[in-house]
């Protein structure tokens, strides 16, 4: 109630609590863009895993069955650190950024990627569309444009 009154009766837009703009570059990425990026990343990781380790990554058991997830983990961590987002995120024009606008760095990039790879933390979402992986890493997924 106090927050509603402080904003002059207007409901806050997604990302406002985190100091993000309402629209354009730096605003919160939509659920559609995030889901599309995840699907693109998984497909890319599967193709790359098959190329690197053979078709048994899709049909095999044992260590081969973990290679798509391993490629996904490495791809998302390394590219998030280097480019601000995974292959799917770059294609969808969204980025992973720290709330304090400092570089992501290896610890946050690999920690965030590990939590996304576990799936459950990414399904627990708090304010401003931030999953547990973003809350733990101090990051948010924003639009590049």
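A few points about this structure:
- Ranked packing of 106-112, 122-128, most packed first, by mean Cβ within 10 Å: 106-112, 122-128
- Whole-number percent relative contact order across segment 35-120, with pairs defined as alpha carbons under 8 Å at least 6 apart: 28
- Of 33, 22, 114, the one that fluctuates the most in a GNM where the chain has Cα springs shorter than 10 Å: 22
- Added length on full extension, which subtracts the Cα-Cα distance from 0.36 nm per residue, residue 47 to residue 93: 14.4 nm
- Top of 121, 12, 103 by mean-square fluctuation, Gaussian network on the chain, Cα under 10 Å: 12
- GNM result for the chain, Cα springs below 10 Å: residue of 120, 99, 28 fluctuating most strongly: 120
- Rg to Rh quotient for segment 22-143, alpha carbon positions, Kirkwood Rh: 0.99
- Over the chain, dividing the summed -39,500 (n - 2.57) contributions of all DSSP H runs of at least 4 residues by the number of residues returns a 222 nm mean residue ellipticity of -15500 deg cm²/dmol.
Bear in mind these aren't lab numbers, they're just calculated from the coordinates by the rules spelled out. Bear in mind that the values here come from a model prediction, so they are computed numbers and not experimental data. FYI the Cβ positions are ideal-geometry reconstructions off the backbone, even for glycines, and counts take in every protein chain you see.
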